[in-house]
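First the structure, in the form of structure tokens, and then the observations on it.
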Amino acid sequence: ARSSPDFYSIVAVLAQRAGLPMPNVYVIDSPHPNAFATGRNPENAAVAATTGLLDMLSRDEVAAVMAHELGHIRNRDTLIMTMVATIAGAISMLATFGYFFRGDGRGAGLAGLAAIIIAPFAAMIVQMAISRTREYSADRGGAEISGKPRALASALAKLARRAQQVPNETVQ
């Protein structure tokens, strides 16, 4: 709150509008424009934005992005995606176990090999589909919470353009 009182106040107003307890608020010193939310439930949530995001967006756009992040909190997306990732991992592990503990019948080797390849791939596709659904839901929630869907659309367009321009040594 001390380092960025305006940002803190934006989140406070949005949390109240969303009917959520005030999350912990963090500013990350990074030129890369980004924001995220985490926490297993609204009572243990945190939101963060980078200085790159705060510097490049207007106040309404910052509010819309943070409303999107609060949408993730309201929908308990961190908990849901943790459960989905755990289930996907279990499916992959079971497929691997199935391959190594298969019977000696004809075709068991080929079926086991197919399972070890197909099961994790199917789990990954399901995980990606659920993740995309959660993002769309957070977009809808962000537009609703902020009351300014055009600001969210504008922010997302700016973020997409800027993400391509800022060099990221970690990825290169």
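Nothing in this text is a laboratory measurement; each read-out follows from the coordinates by a stated rule. As the structure is a prediction and not an experimental result, all values here were calculated from the model.
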Under the rule of at least 5 residues apart or a separate chain, name every residue whose amide H is placed under 5 Å from the amide H of Ile28. Ala49, Thr50, Thr51
Under the rule of at least 5 residues apart or a separate chain, name every residue whose amide H is placed under 5 Å from the amide H of Ala45. Asn24
Return the sequence-ordered ³J(HN,Hα) values of the stretch 48-65 in whole Hz as given by the Karplus equation 6.51 cos²θ - 1.76 cosθ + 1.60 applied to θ = phi - 60°, using x for Gly and Pro. 9, 9, 8, 4, x, 5, 5, 6, 9, 9, 6, 4, 5, 5, 4, 4, 5, 5
